[in-house]
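Peer 1: Would you mind keeping the following structure in view while I ask a few things?
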Amino acid sequence: MTVKLVYFAWLRERFGMAEEQVELPESVKSVSDLFDWFETRGEEFANVMEHRDILQVAIDQSHVQDRDALLEGVSEIAIFPPMTGG
Amino acid sequence: MTVKLVYFAWLRERFGMAEEQVELPESVKSVSDLFDWFETRGEEFANVMEHRDILQVAIDQSHVQDRDALLEGVSEIAIFPPMTGG
Amino acid sequence: MSVKPDIRIQQADFDIKAEIAKLTQGRTDIGAVVTFSGLCRGEGDTLSALELEHYPGMAEAEITRIAEQAIERFGLLGISAIHRYGKIKPGENIVLVIAISPHRQASFDGANFLMDYLKTRAPFWKKEHKSDGEDGGWVDAKDADDDALAKWQD
Amino acid sequence: MSVKPDIRIQQADFDIKAEIAKLTQGRTDIGAVVTFSGLCRGEGDTLSALELEHYPGMAEAEITRIAEQAIERFGLLGISAIHRYGKIKPGENIVLVIAISPHRQASFDGANFLMDYLKTRAPFWKKEHKSDGEDGGWVDAKDADDDALAKWQD
């Protein structure tokens, strides 16, 4: 499955990109699986995943709290630190 | 004792004056005494005093809740209905 | 107390942008500006105007006193209030309160507190003029306004 | 729901007077206008600017969703919010919220509610640029902002 991954704030800076188009492995079915997969993508990805408990996820621009949320059929997944607007 | 009495809103309208200079009788020592005296000043004054429980009093421009508050030495007493500002 | 309230009672309308600028211009310590404007409602076109009467001198003093309490209680960096008197038509401004502070809750609370007290403690009275030419009489004080004060009692 | 929120994410500053007029002009059913402006603080001159990043599309959608809740919950007659992005200097505006309704508490609550949710739910991130040229890093989310939400839970 091909999805657009979008990063903000220090994730964007540390990954060195604002977004990427990726082919998710068959094994990645949930947000939790996605984070597990990130840990295998190289040092910087693994480092960022040390903060996985505080990372926020939006699927197709809607907040998702549940780490078991399924990714099937989604087109855009955003990962970002806690928001600091206002 | 001579004091300035000041009236607002419907008291001003019913008394037909915004203020008056009066010589208070010796017997008028408190706000309560003042209201008793008003009851003797004619029909319109007596009628207004039927509402004495809700009337508000300011002595020298400070709110006074206590009906036993003494009037000695004051120069301005205002009587008015509950306020409706804002 | 170094923060002084700016309180005015006037017949003229106010300019909210200019009033905010007066409090904030040239400062970089303010994080939150809350304004409250109270407007005259037309009550479904039955009202032609409100007429506001006040007790000159005492009105300024009383609002100043309450505003000083708000500064102290919420740690405000500034507060201003303008209350109009005279004839005010539906859609027009009656009152403006502005509270400034470093953080949002203090500014919200400061403006809200001043309005609640101003409603029941500032010597102003409203008379209604009806659209049909009738004298609508003096507006009664609302129990709801007294109740609103309860939230500020410790 | 007939009342629609007016939500904008923009780089440009806003004109609070024009924004109030947009909501109130020609109406006589509004009794209370509450505005909240959030400003960039200089932190004792240590900060040269904040840089605000946002998630285009989602930011508008998320604030609109919360604003719709505010309309419903407090019976607002209108609500607007403008959130800026890009570089913002101390003393400059970051965010504006305006809530209008017939009565004062609804307007206060509507604006306060939207700000509390916006702080923790709208996809914006702040980076600090220090006066000494250093990168101050990304601002951490505050527990106090999460706590502020608690007052809106029934």
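Peer 1: Restricting to strands (runs of 3 or more DSSP E) lying wholly in segment C:83-132: which have 2 or more residues that are more than 27 Å from D:R27 (Cα to Cα) and of a type in the set (S, T, N, Q)? I'd like the intermediate steps shown before the answer.
Peer 2: Numbers: elements: C:86-88, C:93-101, C:124-130.
Passing ranges: none, list empty.
Peer 1: I've got another one for you. Would it be correct to say that D:T46 is modelled with pLDDT under 95, of a type in the set (S, T, Y) and touching a Ser or Thr at 6+ places or on another chain (Cβ under 8 Å)?
Peer 2: Values: modelled with pLDDT under 95: yes; of a type in the set (S, T, Y): yes; touching a Ser or Thr at 6+ places or on another chain (Cβ under 8 Å): yes.
Yes; evaluated as a whole, the condition is true for this residue.
Peer 1: Among the residues of segment C:55-79, write down those that are among the hydroxyl-bearing types (S, T, Y) and not in a helix (DSSP H, G or I). First the steps, then the outcome.
Peer 2: We begin by selecting, within segment C:55-79, every residue among the hydroxyl-bearing types (S, T, Y); these are C:55, C:64.
C:Y55, the sole residue that qualifies.
Conditions (1) over 26 Å from D:D135 (Cβ atoms); (2) more than 14 Å from chain D (Cβ to nearest Cβ); (3) not in a strand (DSSP E or B), marked per residue:
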residue	(1), (2), (3)
A:K4	yes, no, no
A:P25	yes, yes, yes
A:L34	yes, yes, yes
A:E44	no, yes, yes
A:H63	yes, no, no
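Peer 1: Hey, could you check segment C:16-35 for residues that are more than 7 Å from chain D (Cβ to nearest Cβ) and of a type in the set (A, V, I, L, M, F, W, C) and say which is farthest from C:S101 (Cα to Cα)?
Peer 2: Out of the qualifying residues, it is C:A18.
Peer 1: Here is a follow-up. Looking at D:G110, D:G75, which is the one that is touching a residue at least 60 places away in the same chain (Cβ under 8 Å), farther than 24 Å from A:D53 by Cα, touching a helix residue (DSSP H, G or I) at 6+ places or on another chain (Cβ under 6 Å) and away from chain A (no Cβ under 14 Å)? Step through it out loud before you land on a result.
Peer 2: Details: D:G75 fails: touching a residue at least 60 places away in the same chain (Cβ under 8 Å).
Being touching a residue at least 60 places away in the same chain (Cβ under 8 Å), farther than 24 Å from A:D53 by Cα, touching a helix residue (DSSP H, G or I) at 6+ places or on another chain (Cβ under 6 Å) and away from chain A (no Cβ under 14 Å) holds for just one of D:G110, D:G75, which is D:G110.
Peer 1: Let me ask something else about it. From the list C:A141, C:A122, which residue is under 25 Å from C:G44 (Cα atoms) and at the interface with chain B (Cβ under 7 Å from one of its Cβ atoms)?
Peer 2: Numbers: C:A122 fails: under 25 Å from C:G44 (Cα atoms).
The match here is C:A141.
Peer 1: Just to be sure before I move on: is D:A111 at pLDDT 90 or above, over 23 Å from A:V57 (Cα atoms) and out of contact with any strand residue (DSSP E or B) (no Cβ under 6 Å at 6 or more places or on another chain) in the structure I sent?
Peer 2: Working: at pLDDT 90 or above: yes; over 23 Å from A:V57 (Cα atoms): yes; out of contact with any strand residue (DSSP E or B) (no Cβ under 6 Å at 6 or more places or on another chain): no.
Criteria not met by D:A111.
Peer 1: Right, here's the next one. Filtering segment C:125-138 down to residues that are within 11 Å of chain B (Cβ to nearest Cβ) and either within 18 Å of the chain's Cα centre (by Cα) or small (G, A, S) (or both), which residue is surrounded by the fewest Cβ atoms within 10 Å (Cβ to Cβ)? Give the derivation first.
Peer 2: We begin by selecting, within segment C:125-138, every residue within 11 Å of chain B (Cβ to nearest Cβ); these are C:125-128, C:135, C:137-138.
Applying the additional criterion that residues be either within 18 Å of the chain's Cα centre (by Cα) or small (G, A, S) (or both) yields C:125-127, C:137.
Numbers: C:W125: 24, C:K126: 20, C:K127: 19, C:G137: 11.
Residue satisfying both the conditions and the ranking: C:G137.
Peer 1: Another question, if that's okay. Can you tell me which of A:V48, A:V6 is touching a Leu at 6+ places or on another chain (Cβ under 7 Å), surrounded by 19 or more Cβ atoms within 10 Å (Cβ to Cβ), of a type outside the set (S, T, Y) and on the phi < 0 side of the Ramachandran plot? If you could, list the steps in order and put the result at the bottom.
Peer 2: On the way: A:V6 fails: touching a Leu at 6+ places or on another chain (Cβ under 7 Å).
Of the residues listed, the single one that is touching a Leu at 6+ places or on another chain (Cβ under 7 Å), surrounded by 19 or more Cβ atoms within 10 Å (Cβ to Cβ), of a type outside the set (S, T, Y) and on the phi < 0 side of the Ramachandran plot is A:V48.
Peer 1: Still on this model: Restricting attention to segment C:36-69, which residues are within 14 Å of chain D (Cβ to nearest Cβ) and surrounded by 21 or more Cβ atoms within 10 Å (Cβ to Cβ)?
Peer 2: Step one: of segment C:36-69, the residues within 14 Å of chain D (Cβ to nearest Cβ) are C:36-50.
Correct list: C:F36, C:S37, C:G38, C:L39, C:C40, C:L50.
Peer 1: With respect to C:D13, is the statement that it is under 30 Å from B:S62 (Cα atoms), surrounded by fewer than 16 Cβ atoms within 10 Å (Cβ to Cβ) and within 14 Å of chain D (Cβ to nearest Cβ) true? Full working, then the answer.
Peer 2: Working: under 30 Å from B:S62 (Cα atoms): yes; surrounded by fewer than 16 Cβ atoms within 10 Å (Cβ to Cβ): yes; within 14 Å of chain D (Cβ to nearest Cβ): yes.
The answer is yes for C:D13.
Peer 1: Let me ask another. Look at C:K89 and say whether it is surrounded by fewer than 21 Cβ atoms within 10 Å (Cβ to Cβ), in contact with a helix residue (DSSP H, G or I) (Cβ under 7 Å, 6 or more places away or on another chain) and within 11 Å of chain D (Cβ to nearest Cβ).
Peer 2: no
Peer 1: Is it the case that A:E20 is among the acidic types (D, E), assigned to a strand (DSSP E or B) and under 30 Å from D:Q10 (Cβ atoms)?
Peer 2: Working: among the acidic types (D, E): yes; assigned to a strand (DSSP E or B): yes; under 30 Å from D:Q10 (Cβ atoms): yes.
Yes: the conditions hold for A:E20.
Peer 1: Which numbered condition in (1) more than 30 Å from D:Q153 (Cβ to Cβ); (2) modelled with pLDDT of 95 or more is the only one that D:L39 fails?
Peer 2: Result: D:L39 fails condition (1) only.
Peer 1: Which residues, taken from segment B:21-38, are over 11 Å from the mean Cα position of the chain (by Cα) and acidic (D, E)?
Peer 2: B:E23, B:E26
Peer 1: Between residues in segment D:59-71 that are within 14 Å of A:G85 (Cβ to Cβ) and residues that are of a type in the set (G, A, S), which pairs lie under 6 Å by C-beta distance while being six or more apart or on different chains?
Peer 2: D:A59/D:A122; D:E62/D:A122; D:I63/D:A81; D:I63/D:A122
Peer 1: Now a separate question. Please find, within segment B:46-61, the residue that is nearest to the chain's Cα centre (by Cα) out of those that are assigned to a helix (DSSP H, G or I) and farther than 20 Å from C:Y55 by Cα. Full working, then the answer.
Peer 2: Applying the first criterion (assigned to a helix (DSSP H, G or I)) to segment B:46-61 yields B:46-49.
With farther than 20 Å from C:Y55 by Cα added as a condition, the list becomes B:46-47, B:49.
Numbers: B:A46: 12, B:N47: 13, B:M49: 10 Å.
So the residue we want is B:M49.
The values are calculated or read from the model by the stated rules, or taken from the named source; none is laboratory data. Everything quoted here is computed from the prediction, not taken from an experiment. Virtual Cβ from ideal backbone geometry, glycine too; neighbours counted across all protein chains shown.
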